[in-house]
Structures are given as structure tokens and as C-alpha cells.
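Quick notes on the structure that follows.
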Amino acid sequence: MTKPLCVVVGVGPGNGASFTRRFLRDGYRVAVLARDSTYLESLSTSLSECYPFPCDVRNTEELNGTLTSLTERLGPTSVLIYNAGAGEWRSPEETTVEGFESSWRTNALGLLVCSQAVLQDMKAQGHGNIVVIGATASKRGGATSTAFASAKAAQRSLAQSLARRLGPAGIHVSHLVIDGIIDLPRTRAKRPDTPDDFYLQPDDIADTVAQITQQPRSAWTFEVDLRPYKEKW
């Protein structure tokens, strides 16, 4: 029997790589999408049944073509994890039109396109999971997060619309609010004296995502906040 397929959109050495390893361990095949083709190739060559698909989610035509090729090659998607989340960080006075649009395309439009690409197969199967990796910025705008926060808020609202529409079809849509700094070499480099328990661990986030996708239908989670136990909120 063919293993189910998990598609991770937005894969780097942090959360994306951890999602990939966790779902491979849980018996899935995993397709990984990101702009960095070099990183995708290195990740896929180190992991069995991991398939790279270089793609820029901001380009709708390119994204649609990639998702079509992915489905033709690997079959229907059982779990979609939308982890793309870059954006411009500037004050309202300094926010650029290009940066604002790029943030919106990355966080909201890309999610819509990816969701639409997998819905028909998920409906036909009578089940599926769409997990959206959000941020605290989706709940409040900061003085210098004009573009990013508004895009994340749009993403969260879109996830709610998807959940309300698709739940009756057996498709579980969930949204994670990531409140804290992810433990990565580049974030460590900026804070060389910061203790370990300051950071969110990507593997622990991946554990939560896996648990959500395994929930019984009588008790589905829509939204969960994840933060280190010392995080002030």
C-alpha cells in the first residue's frame, strides 16, 4: 500500500526540516517546497522518500505548476503544512508597496493556492489535514511589523474560513501561533549569551503538529499557541 503524502511548503533548517523528519518517521512520503533549491536537494539526499520541489510561493503561476507536477508524480496529498512565512519588517512610514505585497503573497495568497490545489483530492478521500504555521503577529500589529503582521492576520482569517468550510467534509484545518524565537544557528548568533530555554525547539513544534493531525474528529483543535515556558505574554 502506498504511504500517505505530506507536503511541507516553506522548508529551511528549522521548522520545515523538523516537520519533514517527523512525518517521514510517522510513515509518510514528504514533498518539500522552498525557493532554496540547494538546501532542498541536500535535505532530500539525506532522507529517504523526501522529494524536493523548488518553488517561489509568491509566484502564483509557478506555484500552481509545481503543485500540479507534484500531484502527478506523487499522488494525492493527505497532510499540507503551510510554513511559508517571510515578510517585510518596517514602520508604516517606511513600508514599501513591494514589501507589503510580497508579505501578503507569501503568507496569505500562497496558502490559498496550496489549499485549493489539495482540496479536491482530500474531499474525495473524505479526510485530510491542513496545518498553517502562523505567528503572534497574526493577533496584533507591531510598530515595525506593518506588512508582516497584516499578512499574518490575513493568513489566520483565511485559515478560519478554510476550517469552517472544510470541516464538514472531514478536512481538519488548524492554525499554530508561534510566540517566541526559533532555535537556529542564525538566531543563536544574534544572542550568544541567551540560555537554551529562551528558544522554541523545531522538533518540539513538529511533535505538536503531528499530534494535531492525529486528533479524533470529535475533538479537533483549530488554534494552539506555542511558546517557551519562560516566554512573557
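The values are calculated or read from the model by the stated rules, or taken from the named source; none is laboratory data. Bear in mind that the values here come from a model prediction, so they are computed numbers and not experimental data. Here the Cβ is made from the backbone with ideal geometry for all residues, glycine too, and neighbour counts use every protein chain on show.
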Looking at region 135-143, can you tell me whether even one residue there is part of a helix (DSSP H, G or I), touching a Pro at 6+ places or on another chain (Cβ under 9 Å) and among the β-branched types (Val, Ile, Thr)?
no
Counting only residues in region 159-179 that are touching a strand residue (DSSP E or B) at 6+ places or on another chain (Cβ under 8 Å) and assigned to a helix (DSSP H, G or I), the one surrounded by the most Cβ atoms within 10 Å (Cβ to Cβ) is identified as Ala159
Go through the residues of region 6-15 one by one and say whether even a single one is at pLDDT 95 or above, out of contact with any Ser or Thr (no Cβ under 7 Å at 6 or more places or on another chain) and more than 22 Å from Ser102 (Cα to Cα).
no
Which count do you get for residues in region 41-65 that are farther than 21 Å from Gly87 by Cβ, in contact with a Cys (Cβ under 9 Å, 6 or more places away or on another chain) and crowded, with 20+ Cβ neighbours inside 10 Å?
1
Kindly evaluate Ala147 against the criterion of being in contact with a Ser or Thr (Cβ under 7 Å, 6 or more places away or on another chain) and at pLDDT below 95.
yes
Is it the case, given these coordinates, that Gly128 is touching a strand residue (DSSP E or B) at 6+ places or on another chain (Cβ under 7 Å), buried (at least 23 other Cβ atoms within 10 Å of the Cβ) and on the phi > 0 side of the Ramachandran plot?
yes
Which of (1) in contact with a helix residue (DSSP H, G or I) (Cβ under 6 Å, 6 or more places away or on another chain); (2) aliphatic (A, V, I, L, M); (3) over 21 Å from Gly167 (Cα atoms) does Ala117 not meet, given it meets every other one?
(3)
Take Thr95 and decide whether it is surrounded by 13 or more Cβ atoms within 10 Å (Cβ to Cβ), more than 20 Å from Val8 (Cα to Cα) and touching a residue at least 24 places away in the same chain (Cβ under 8 Å).
yes
Closer than 23 Å to Gln215 by Cα, modelled with pLDDT of 95 or more and not in a strand (DSSP E or B): which single residue out of Lys123, Lys152 fits that description?
Lys123
Can you tell me which residue in region 98-110 is nearest to the chain's Cα centre (by Cα), limited to those that are free of Cβ contacts under 8 Å to residues at least 60 places away in the same chain and surrounded by 19 or more Cβ atoms within 10 Å (Cβ to Cβ)?
Asn107
Does Ala137 qualify as being at pLDDT below 95, among the aliphatic types (A, V, I, L, M) and surrounded by 21 or more Cβ atoms within 10 Å (Cβ to Cβ)?
yes
